[in-house]
Amino acid sequence: MRTYEPAIHFKDVRYSIDGNPIIGPITGSFPAGQITTLVGPSGAGKTTVLKLCNGLLTPDSGGEILVEDRPIGSMEPTALRRKVGMALQDAPMVNGSVYDNLSLPLRLQKKELPETDAVSWLEDVGLPADYLHKKATELSGGQRQKVSIARTLVNHSDILLMDEITSALDRGSRREIESLITRINEKYGTTIIWITHNLEQATSIGDYTWVLIAGELVETGESGILEDPVDERVRQFVRGELK
Ligand SMILES: Nc1ncnc2c1ncn2[C@@H]1O[C@H](COP(=O)(O)OP(=O)(O)OP(=O)(O)O)[C@@H](O)[C@H]1O
Ligand SMILES: [Mg+2]
């Protein structure tokens, strides 16, 4: 089996709320430049893992998260958010135009996004230039998701976290977003960590997979592992017996 450089490494990571363990201890890596899909039953802790990856949540003491070999806690929060971008299922937008949304990450840094750059990011995600001045509220679900992905590109994030970004989309839009993410991964070498409920999607677009069950990283490896898992709980999950 190949060895991979880790983009993000978890070492004995636990996370609890009011003393109740939610996840861990988890030890494992998200390989750099690869697409890793994160799968597991509802409530397994997938979103929690993602939020730990960009500092939205802080692990319990004792464990360690390294982002490109640096302890996450030593990174300046805005630098971390730039390096590790995030897109969510409902692609939340601020009121205003598509341009207002695309330029948001730079406005937060008191910088401006030239319109020509905004247009090229739009084109990069497959939206026409004249969408720039459309109201964000007038976009379809698939178009919102494309703007949300373009917004992470504006920041030149090296790592993209995606939480069920295609679950609310129809099949056609889902396919478009899948090929868009694959293209971003190939073009920019971006590390992708993608939560999905769709195991067919996990196998077809993922290079690598993490299977989380009840807060534990039960199985990990190249995406083919989902076709013939070793762990009995993962076998049950793949058969649809664990929801
Ligand atoms: N703020 C909170 N307070 C209490 N429990 C929480 C909180 N956030 C998450 N949890 C619990 O932590 C566990 C993991 O939640 P998480 O959202 O990470 O799961 P998930 O795998 O993303 O699930 P889903 O597939 O349904 O999105 C769940 O049991 C959830 O109820
Ligand atoms: Mg979740």
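Arrange the peptides 74-87, 204-217 so that the one whose residues have, on average, the most other Cβ atoms within 10 Å appears first. Kindly include the intermediate steps, with their values, before the conclusion.
Details: 74-87: 16.3, 204-217: 21.0.
Per-residue mean Cβ counts within 10 Å order the peptides as 204-217, 74-87.
If you put +1 on each Lys and Arg Cβ and -1 on each Asp and Glu Cβ, how big is the dipole of the chain around its Cα centre, in Debye rounded to 20?
Numbers: 26 positive and 34 negative charges, 107 e Å.
Once rounded to the nearest 20, the dipole reads 520 debye.
Which ordering of ASP163, ASP117 is given by a fewest-first count of other beta-carbon atoms within 10 Å?
The fewest-first ordering by Cβ neighbours comes to ASP117, ASP163.
Would you please calculate the Kirkwood hydrodynamic radius of the chain over all C-alpha pairs and express it in Å, rounded to one decimal?
Hydrodynamic radius (Kirkwood, Cα only) of the chain equals 18.5 Å.
Check each of the GluC sites (Glu not before Pro) in the range 95-143 and keep only those in coil by DSSP with at most 16 other C-beta atoms within 10 angstrom; list them in order.
Details: sites: GLU112, GLU115, GLU123, GLU138; in loops: GLU112.
Of the GluC sites (Glu not before Pro), the ones in loops of the range 95-143 whose Cβ has at most 16 other Cβ atoms within 10 Å are GLU112.
Could you order peptides 34-47, 184-197, 7-20 by the average number of other Cβ atoms within 10 Å of their residues, highest first?
Order by mean packing, descending: 34-47, 184-197, 7-20.
Over all directions, how big on average is the projection of the convex hull of the alpha-carbon atoms in the range 161-243, in square nanometres? Working shown, then result.
Numbers: hull surface 22.6 nm².
Over all viewing directions, the range 161-243 projects a mean Cα-hull area of 5.6 nm².
For helix 141-154, what angle does its Cα long axis make with the longest principal axis of the chain, in degrees from 0 to 90 and rounded to 10?
Around 90 degrees separate the two axes.
Which pairs break 29 Å Cα to Cα here: LYS46/LYS111; LYS51/LYS111; LYS187/LYS243? Walk me through the numbers before you get to the answer.
On the way: LYS46/LYS111 33 Å; LYS51/LYS111 26 Å; LYS187/LYS243 35 Å.
From the list (LYS46/LYS111; LYS51/LYS111; LYS187/LYS243), the Cα-Cα distance tops 29 Å for LYS46/LYS111; LYS187/LYS243.
Quote the relative contact order of the range 24-145 in percent (integer), defining contacts as alpha-carbon pairs under 8 Å separated by 6+ residues. Walk me through the numbers before you get to the answer.
On the way: 78 pairs, mean separation 23.4, N = 122.
Worked out over the range 24-145, it gives 19 percent.
Using only the alpha carbons of the range 1-127, determine the length spanned along each of the three principal axes and report them from longest to shortest in whole angstroms.
46, 40, 32
Name the shape class, rounded, prolate or oblate, that the alpha-carbon gyration tensor gives for the range 124-195, where a ≥ b ≥ c are the square roots of its eigenvalues, rounded holds for a/c under 1.5, and otherwise prolate holds if a/b is larger than b/c and oblate otherwise.
Values: a/c = 1.79, a/b = 1.27, b/c = 1.41.
Oblate is the answer for the range 124-195, as a/c is 1.5 or above yet b/c matches or exceeds a/b.
Throughout, read-outs are computed from the coordinates displayed, never taken from laboratory work. Bear in mind the structure is a predicted one, so any value in this text is a computation, not a measurement. As a convention, Cβ positions derive from the backbone with ideal geometry for all residues, glycine included, and neighbour counts pool all protein chains shown.
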